[in-house]
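Remarks on the structure that follows.
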Amino acid sequence: MTGALYIGAAIAEIAGCFAFWAWWKQGAAVLWLIPGTLALIGFAWFLALTPPEHAGRSYAAYGGIYICASLAWLWFAEGEAPRATDLIGAALALAGAAVILWGARPV
């Protein structure tokens, strides 16, 4: 369930940020800001549903998912294949997120 929440958060955040990017950088209509804002609200909602008791830990663990989702966006939405160094960095970020999320907990 936690993974699905992080993936949902990543999709919502990237879509929301892209809507603002498209308006600001690519001249898209200002109406793009409406779904962009709604997506960013959805991002915050998904992230708030994750189980870690402290926001900072949840955000840190989410960072690895966000990096991977951003590279997927780069590849599938923008048509630019990730470089080997992008993939290595994503693997390292996921490893770090796993340590944060499932690492030692107080007993």
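Read-outs throughout are calculated quantities, based only on the coordinates presented, and are distinct from any laboratory measurement. Because the structure is predicted, anything quoted here is derived from the model rather than measured. Note that we place each Cβ from the backbone using ideal geometry, even for glycine, and neighbour counts take in every protein chain shown.
In segment 1-88, which GluC sites (Glu not before Pro) fall in coil by DSSP and have 11 or fewer other Cβ atoms within 10 Å?
Those that pass, being in a loop and sparsely packed, are GLU53, GLU78.
Under 8 Å for C-alpha pairs, at least 6 residues apart: give me the relative contact order for the chain, rounded to a whole percent.
Values: 101 pairs, mean separation 29.8, N = 107.
It rounds to 28 percent for the chain.
I'm spelling it out carefully: the read-out is semi-axes √(5λ) of the Cα gyration tensor in Å, the candidates are [x] 35, 14, 12; [y] 23, 16, 13; [z] 27, 19, 8, and one was derived from this structure. Which label?
[z]
Only sites in a loop by DSSP and with at most 15 other Cβ atoms within 10 Å count here; which trypsin sites (Lys or Arg not before Pro) in segment 12-85 make the cut?
ARG83
Using the crude model of +1 on Lys and Arg Cβ and -1 on Asp and Glu Cβ, and no other charge, please compute the dipole size for the chain relative to its Cα centre, in debye to 20.
Here the size comes out at about 160 debye.
Got a sec to turn the phi values of segment 83-96 into Karplus ³J(HN,Hα) couplings, 6.51 cos²θ - 1.76 cosθ + 1.60 with θ = phi - 60°, whole Hz, x for Gly and Pro?
Result, ordered by residue: 7, 4, 5, 4, 5, 5, x, 5, 5, 5, 5, 5, 4, x Hz.
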